[in-house]
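Undergrad: Questions regarding the structure given below will be posed in turn.
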């Protein structure tokens, strides 16, 4: 992939995350790029960045990242801000706004990036590290200090479980919800009485209503 497109990708990631009110450190940015490469590979059987990802101390790492990041700072595309608490931590902000569509020639790839950003862009670095380290295929199959093998990535994700419809109309569902809310209010009122608490009895009617709500 051309360096210009990689630079636009990094700028777009930083722009999106900061606009959402979150922060970008060097580690967080690197892991977000890795997550994008994973999902891009899932669709194209090739990474977008072309980086040689390696299993390092904090998971995926690449020597190509630092020179690109330093170049973006020198050009003013990214701005650095020193942490007030930890002088070794640097935050990055956009020097110029780059839209997530700019690195790509088609909307499908833009949606891949947006999907990664919506899922992980505002998460903490710790949360991202946990996911990257233990739940991405190249890292799961990785060997420390060796290059990561992206070919282990499945082309399709496992389908997310979703509950089947109960077949009830909206009016019926609303009636059940109203009944359930009334039962909750009644139990709460009884718990506020100055008497010993008696555990509520979950009769068949209540359990049936809960079951219907769960499948609605």
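The values are calculated or read from the model by the stated rules, or taken from the named source; none is laboratory data. Note that the structure is a prediction, hence the values are computed from the model and not measured. In this analysis, Cβ positions are derived from the backbone assuming ideal geometry, glycine residues included, and neighbour counts consider all displayed protein chains.
Undergrad: Of (1) on the phi < 0 side of the Ramachandran plot; (2) surrounded by 14 or more Cβ atoms within 10 Å (Cβ to Cβ), residue 67 satisfies all except one. Which?
TA: Status for residue 67: all satisfied but (2).
Undergrad: Considering every residue within the range 47-61, establish whether at least one is at pLDDT below 95, over 15 Å from residue 149 (Cα atoms) and in a loop (DSSP other than H, G, I, E, B).
TA: Yes - at least one qualifying residue is present in the range 47-61.
Undergrad: Can you spot a residue in the range 94-107 that is outside any loop (DSSP other than H, G, I, E, B) and surrounded by 15 or more Cβ atoms within 10 Å (Cβ to Cβ)?
TA: Within the range 94-107, the subset outside any loop (DSSP other than H, G, I, E, B) is 94, 107.
Next, from what is left, pick out any that are surrounded by 15 or more Cβ atoms within 10 Å (Cβ to Cβ): 94.
Within the range 94-107, one or more residues are outside any loop (DSSP other than H, G, I, E, B) and surrounded by 15 or more Cβ atoms within 10 Å (Cβ to Cβ).
Undergrad: Please verify whether residue 130 is modelled with pLDDT of 75 or more, in contact with a helix residue (DSSP H, G or I) (Cβ under 9 Å, 6 or more places away or on another chain), in the same structural domain as residue 16 (by TED's automatic domain parsing) and surrounded by 13 or more Cβ atoms within 10 Å (Cβ to Cβ), treating the condition exactly as stated.
TA: No, not satisfied.
Undergrad: Could you list, in sequence order, the residues of the range 1-28 that are surrounded by 20 or more Cβ atoms within 10 Å (Cβ to Cβ) and either in contact with a strand residue (DSSP E or B) (Cβ under 7 Å, 6 or more places away or on another chain) or part of a loop (DSSP other than H, G, I, E, B) (or both)?
TA: 11, 14, 15, 24
Undergrad: When residues of the range 153-174 are filtered for being modelled with pLDDT of 70 or more and surrounded by 14 or more Cβ atoms within 10 Å (Cβ to Cβ), how many remain?
TA: Going residue by residue through the range 153-174, those that are modelled with pLDDT of 70 or more are 153-156, 169-174.
Checking which are surrounded by 14 or more Cβ atoms within 10 Å (Cβ to Cβ) leaves us with 153, 173.
Count: 2.
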